[in-house]
Amino acid sequence: MGNVRDELICFLKQTVERGWPTALMIALQMGDYFRETHTTPHQLRKAIASADDGSIFDILHRAVQRNEVDGRKLTPTVVRLPRDLLFNNAMVTLQPTSEETIIDIIDNVFLPLIRN
């Protein structure tokens, strides 16, 4: 890809294409399950997201190596932010996150937090 912005946008688009419908439907239809097992939608999101954690860490590691981002700013909360915003958008709109919204998340929320 060559730059952190393009890689992150591609990653989020792939995340939406692969997983949003399943995660959303499970979270919305499993209220009884969550009550019975004393678990939460957050735990479900964490389990689903953990499969892709390596990808975003790889993207950000390359960006640090290229001096595009400040590695000291990459706290676990900050690194989770783009995917958390996707999940929140899907839960609120009951729709997949649009490319326009993905670009907004990256350009106006995430990159300003992590740039040098």
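Any read-out appearing in this document is the output of simple, stated calculations on the displayed coordinates, not a laboratory observation. As the structure is a prediction and not an experimental result, all values here were calculated from the model. Glycine also receives a Cβ, built like all others from the backbone with ideal geometry; neighbour counts cover every protein chain displayed.
Taking neighbour counts of Cβ atoms within 10 Å as a proxy for exposure, in what order, fewest first, do Glu36, Glu99, Glu7 appear?
Numbers: Glu36 9, Glu99 12, Glu7 20.
The fewest-first ordering by Cβ neighbours comes to Glu36, Glu99, Glu7.
Could you give the length gained by full extension between Asn88 and Cys10, i.e. 0.36 nm per residue of separation minus their alpha carbon distance, to one decimal place? Show your work: numbers first, answer last.
Details: separation 78, 0.36 × 78 = 28.08 nm, distance 1.88 nm.
Length gained, Asn88 through Cys10: 26.2 nm.
What order do you get for Phe87, Phe57, Phe34, Phe11 when you list them from fewest to most C-beta neighbours inside 10 Å? Please report the intermediate quantities before stating the final value.
Details: Phe87 24, Phe57 12, Phe34 15, Phe11 20.
If I rank by nearby Cβ atoms, fewest first, I get Phe57, Phe34, Phe11, Phe87.
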